[in-house]
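Asks: Sharing a structure, written as structure tokens. Questions coming.
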Amino acid sequence: KLAENCLHITELDAQGCLFITDKSICKIAESCLNLKALQLGNTLITDISLSAVAKYSKHLQDLKISSYATDKGVIAIANACKEITTLDLEECDLLTDESIIEIAQRLTNLESIDFSGITQLTDVSIEALLTNPNKLCYFNSCGSVATDVVVVRLSKTVESLEFVCDDH
């Protein structure tokens with residue numbers, strides 16, 4: 001009903017809503033074409049929702065993804081949602097360097113990324129963020145496997161970086 005009656009929604013915070021389904025998010029994405037911010041952290045949402053968001057939410061700027069997302073869904077987002085400036089992938093432990101590389105290459109307006117708690121990532125992800133054009137000013141890799149060397153390089157290379165969290 002929300003998707004049918006609230007076509008002009010620009011922000012939706014569904015964080016922690018364990019009963020929201022992929023079907024609901026797909027309908028919202030299809031109906032609410034003006035979405036700029038979507039918070040799906042701590043939900044059971046999967047790549048099914050992310051594919052719909054990628055297809056319909058071209059103006060999305062702020063996205064928090066649930067921990068059930070995989071490279072497939074995140075890559076779909078990176079390929080379609082070019083206006084994203086803030087991307088929160090915290091605890092999305094199914095992700096690998098493949099999706100972060102795509103994000104680095106495609107999301108040139110990216111200002112903030114959080115991939116804390118993703119243990120499958122390597123320095124390759126951070127190198128991709130370093131070598132591709134973006135507007136990065138916030139970076140959080142707490143709990144990831146990034147090494148001190150590359151995190152220090154990131155903080156020196158990205159002049160406007162305001163925050164680096166690495167718990168080594």
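Asks: Cβ contacts < 9 Å: first residue farther than 13 Å from Leu12 by Cα and among the polar types (S, T, N, Q), restricted to the range 37-48; second residue assigned to a helix (DSSP H, G or I) and open to solvent by 10 Å² or more (accessible area, probe 1.4 Å), any location; separation 6+ or different chain. Result?
Replies: That search, which allows pairs on different chains as well, returns Thr46/Asp22.
Asks: Right, next: Given (1) closer than 25 Å to Lys135 by Cβ; (2) touching a strand residue (DSSP E or B) at 6+ places or on another chain (Cβ under 9 Å); (3) modelled with pLDDT under 95, where does Leu2 come up short, assuming only one miss?
Replies: Of everything listed in (1) closer than 25 Å to Lys135 by Cβ; (2) touching a strand residue (DSSP E or B) at 6+ places or on another chain (Cβ under 9 Å); (3) modelled with pLDDT under 95, Leu2 misses just condition (1).
Asks: Being part of a loop (DSSP other than H, G, I, E, B), within 20 Å of Lys55 (Cβ to Cβ) and more than 12 Å from the chain's Cα centre (by Cα): is that true of Asn134 here?
Replies: The answer is no for Asn134.
The values are calculated or read from the model by the stated rules, or taken from the named source; none is laboratory data. Note that the structure is predicted; figures quoted are calculated from it, not measured. Using ideal geometry, Cβ is built from the backbone for each residue, glycine included, and neighbour counts are taken over all protein chains shown. These area figures cover heavy atoms from the full protein model, side chains too; ligands, DNA and RNA do not enter into them. Shrake-Rupley method; radii C 1.70, N 1.55, O 1.52, S 1.80 Å.
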